[in-house]
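Each value in this text was obtained by applying a stated rule to the coordinates, not by laboratory testing. Every value quoted in this text rests on a predicted model; they were computed, and no experiment measured them. With ideal geometry, Cβ positions are generated from the backbone for all residues, glycine too; neighbour counts draw on all protein chains shown.
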Amino acid sequence: MADDAAILGLILPISEPEKDPDFYVLPENWPTVLVFLALGTAWRIDGMSGVWQGLDYPSVKTVMWAQGVKKADRKDVFNGLQIMERAAIDLINSKLKK
């Protein structure tokens, strides 16, 4: 099905972790990874300096809802998301300084 979608230029949502030899995501972290990836266009970036400031948190709530994250899991997903956000900000902004 993914091949058919690719022909049409579509990307299907991933419902199961992909087996990739480069890295492994623990099953309990998969919802956080999916939310993080879905937030790819929801970053706040300073218009003058280009410094990445962080995720747009109202968008996080919307994406969690759209991804079907259960209410009982939202706190854990959000905590994991903040860890990923901080790591991404540090990495991206460090490349801006060069």
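Amide H to amide H, which residues 5 or more places from residue 44 or on other chains are under 5 Å from it, using H placed in the peptide plane?
Residues meeting the amide H criterion: 53, 54, 55, 56.
What's the local net charge at residue 76, with K and R +1, D and E -1, over the other residues with C-beta under 13 Å away? The partial results should precede the final answer.
Details: positive: 70, 71, 74, 75; negative: 28, 73.
Cβ neighbours under 13 Å give a net charge of +2.
With +1 assigned to the C-beta of every Lys and Arg and -1 to the C-beta of every Asp and Glu, and no other charges, what is the dipole magnitude of segment 16-83 about the Cα centre in debye, to the nearest 20?
Numbers: 7 positive and 9 negative charges, 80 e Å.
It comes to approximately 380 debye.
Given 10 °C and 1.306 mPa s, how large is the Stokes-Einstein diffusion coefficient of segment 27-96 in µm²/s, with Rh as the Kirkwood radius over Cα pairs?
Taking Rh from Cα pairs, D becomes 127 µm²/s.
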